[in-house]
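*Asks:* Below is a structure I'd like to ask you about.
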Amino acid sequence: MLAQANEADLLEATSRKVAPRSSDLFKVGPQFSETRHHQDIYCKSNDMDVNPILGARIDRGFEMGETGTWIGYKRNYFTLVSSFTFENFDFERFLHNKFYTYEKLSRSSVGENKVEISYFAIRLVAKCSDDDVSISLIQHTPKRDKGPQFPPPIYPAVPGNLPDHSTVRASCNKRNNGKIENMNKIFYFDRAEYYHNANLNALKDNSVLKNYPSDSIARVARFERIQFSSSIRIKSTSVNSRYFTLHVELLGIIEDEDSQIQPILLSSIETPPLIVRGRSPSNYHKDRTSGYRPHGPGH
DNA sequence: TTCGACACATACGT
DNA sequence: GACGTATGTGTCGA
């Protein structure tokens, strides 16, 4: 059974051409690390320390290679979802509170500055795993080449639960309004609807909720049709591939003295090192049946 | 060798 | 089941 699985993986990874719309393209990728904390979060009402827990899953675009490393393709899309919760905070409790953190002051000065968090947000970044240098990611529309490209959005977000892999799979490429609406209930929180049902409005609300920039607020940040920027260098030497990591960051958005919006990195999670295969034909129609890596002159 | 552009093919959603 | 889409990947030429 193990041998069988390996054989299947090998076939998958080395020979067969993949149909462009096959649902097999959805695969769960590598696990993310435990949440790492960068700046503490406190609850305003009682100054209690709040423990954020970030979760994320790659749902498309990476598969495990023969040697156990995770492999993606520069030319192909990947999909990633992420959400966060606060330990011991159910959703209602979150909605009735405000939070603050400390802003690191410049190196020359000492100490930290207490700042209120206007709202929370989730960001996706990629880094080169050697030097921690940021790598740009881009997002396509369904029109791909015919549409514009953007950097992946930073999602203003409230706490939420990560949907199943199958839910993410089912959420892609929907045009039917009813289906889209059902998916939106999973991926978004509707503030206007909440205010209506709770007999509240933005004037009466004095919680963190009122500071979010729009009524449609992510419960789950969904990053679809993401690719590594076409300009990334894949090799560190002519032989060795570089490794990349994907990081999901929980940000606290604050307002500085000049009412400028500014993100503070509160916590993050990351993938293990990833290989991104480039466009070289040697990364495609391989037919070797051993673990041998081709790099000599081919055909 | 690598990249942008265009092309072809094929499973999916409606 | 037909039709339009979305997307992996083949290819050309700078």
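*Asks:* Can you name every residue in the stretch A:20-35 that is surrounded by fewer than 13 Cβ atoms within 10 Å (Cβ to Cβ), more than 7 Å from DNA strand B (Cβ to nearest atom) and either part of a helix (DSSP H, G or I) or on the phi > 0 side of the Ramachandran plot (or both)?
*Replies:* A:Asp24 - this is the single residue of the stretch A:20-35 that is surrounded by fewer than 13 Cβ atoms within 10 Å (Cβ to Cβ), more than 7 Å from DNA strand B (Cβ to nearest atom) and either part of a helix (DSSP H, G or I) or on the phi > 0 side of the Ramachandran plot (or both).
*Asks:* Among the residues of the stretch A:36-52, write down those that are buried (at least 17 other Cβ atoms within 10 Å of the Cβ) and out of contact with any Leu (no Cβ under 8 Å at 6 or more places or on another chain).
*Replies:* Within the stretch A:36-52, A:Tyr42, A:Cys43, A:Val50 meet the criteria.
*Asks:* Now a separate question. Before we move on, is A:Asp59 part of a strand (DSSP E or B) and farther than 18 Å from A:Ser268 by Cα?
*Replies:* Taking the combined requirement at face value, the residue satisfies it.
*Asks:* Now for a different question. Does A:Ser229 fit the bill of being modelled with pLDDT of 95 or more and crowded, with 20+ Cβ neighbours inside 10 Å?
*Replies:* no
*Asks:* Does A:Arg219 meet the test of being within 16 Å of DNA strand C (Cβ to nearest atom) and either surrounded by 18 or more Cβ atoms within 10 Å (Cβ to Cβ) or modelled with pLDDT under 95 (or both)?
*Replies:* no
*Asks:* Condition first: under 18 Å from A:Ile117 (Cα atoms) and over 25 Å from the mean Cα position of the chain (by Cα). Now tell me which residues in the stretch A:195-242 satisfy that.
*Replies:* Once the filter is applied, which keeps residues that are under 18 Å from A:Ile117 (Cα atoms) and over 25 Å from the mean Cα position of the chain (by Cα), the stretch A:195-242 yields A:Ala202, A:Asp205, A:Asn206, A:Ser207.
*Asks:* Among the residues of the stretch A:171-190, are any away from DNA strand B (no atom under 15 Å from the Cβ), within 28 Å of A:Leu266 (Cβ to Cβ), under 23 Å from the mean Cα position of the chain (by Cα) and of a type in the set (D, E, K, R)?
*Replies:* yes
*Asks:* Only residues that are more than 19 Å from A:Asn51 (Cβ to Cβ) and either open to solvent by less than 70 Å² (accessible area, probe 1.4 Å) or of a type in the set (Gly, Ala, Ser) (or both): list them for the stretch A:81-104, please.
*Replies:* Residues of the stretch A:81-104 that are more than 19 Å from A:Asn51 (Cβ to Cβ), as a first pass: A:81, A:103-104.
A:Val81, A:Glu103, listed by residue number.
*Asks:* Whether any residue in the stretch A:283-295 is modelled with pLDDT of 90 or more and surrounded by 14 or more Cβ atoms within 10 Å (Cβ to Cβ) is what I want to check.
*Replies:* Of the stretch A:283-295, the ones modelled with pLDDT of 90 or more are A:283-284.
Right, trim to surrounded by 14 or more Cβ atoms within 10 Å (Cβ to Cβ) and you get A:283.
Among the residues of the stretch A:283-295, at least one is modelled with pLDDT of 90 or more and surrounded by 14 or more Cβ atoms within 10 Å (Cβ to Cβ), which makes the answer yes.
*Asks:* Looking at A:Thr101, A:Thr79 in this structure, which one is under 23 Å from A:Asp164 (Cβ atoms), in a strand (DSSP E or B) and touching a Phe, Trp or Tyr at 6+ places or on another chain (Cβ under 8 Å)?
*Replies:* Only one candidate qualifies: A:Thr79.
*Asks:* Next question. Would you please name the residue that is nearest to DNA strand C (Cβ to nearest atom), looking only at residues in the stretch A:124-175 that are open to solvent by 30 Å² or more (accessible area, probe 1.4 Å) and of a type in the set (Ser, Thr, Tyr)?
*Replies:* Among those residues, the one meeting the criterion is A:Thr141.
*Asks:* Among (1) loosely packed, with under 15 Cβ neighbours inside 10 Å; (2) within 16 Å of DNA strand C (Cβ to nearest atom), which single condition is A:Ile71 missing?
*Replies:* Going through (1) loosely packed, with under 15 Cβ neighbours inside 10 Å; (2) within 16 Å of DNA strand C (Cβ to nearest atom) one by one, A:Ile71 breaks only (1).
*Asks:* With the structure loaded, tell me whether A:Ile269 is out of contact with any Pro (no Cβ under 7 Å at 6 or more places or on another chain), of a type in the set (A, V, I, L, M), away from DNA strand B (no atom under 14 Å from the Cβ) and more than 20 Å from A:Gly160 (Cα to Cα) or whether it fails that test.
*Replies:* For A:Ile269, the condition - out of contact with any Pro (no Cβ under 7 Å at 6 or more places or on another chain), of a type in the set (A, V, I, L, M), away from DNA strand B (no atom under 14 Å from the Cβ) and more than 20 Å from A:Gly160 (Cα to Cα) - is not met.
*Asks:* Sticking with this structure for a sec: Taking A:Phe187, is it of a type in the set (Phe, Trp, Tyr), out of contact with any Cys (no Cβ under 7 Å at 6 or more places or on another chain), open to solvent by 80 Å² or more (accessible area, probe 1.4 Å) and closer than 18 Å to A:Leu80 by Cβ?
*Replies:* The answer is no for A:Phe187.
The values are calculated or read from the model by the stated rules, or taken from the named source; none is laboratory data. Predicted model only: the values in this text are computed from it and were never measured. Here Cβ is always computed from backbone atoms with ideal geometry, including for glycine, and neighbour counts include all displayed protein chains. Ligands, DNA and RNA are excluded from the accessible area calculation, which covers all protein heavy atoms including side chains. Shrake-Rupley method; radii C 1.70, N 1.55, O 1.52, S 1.80 Å.
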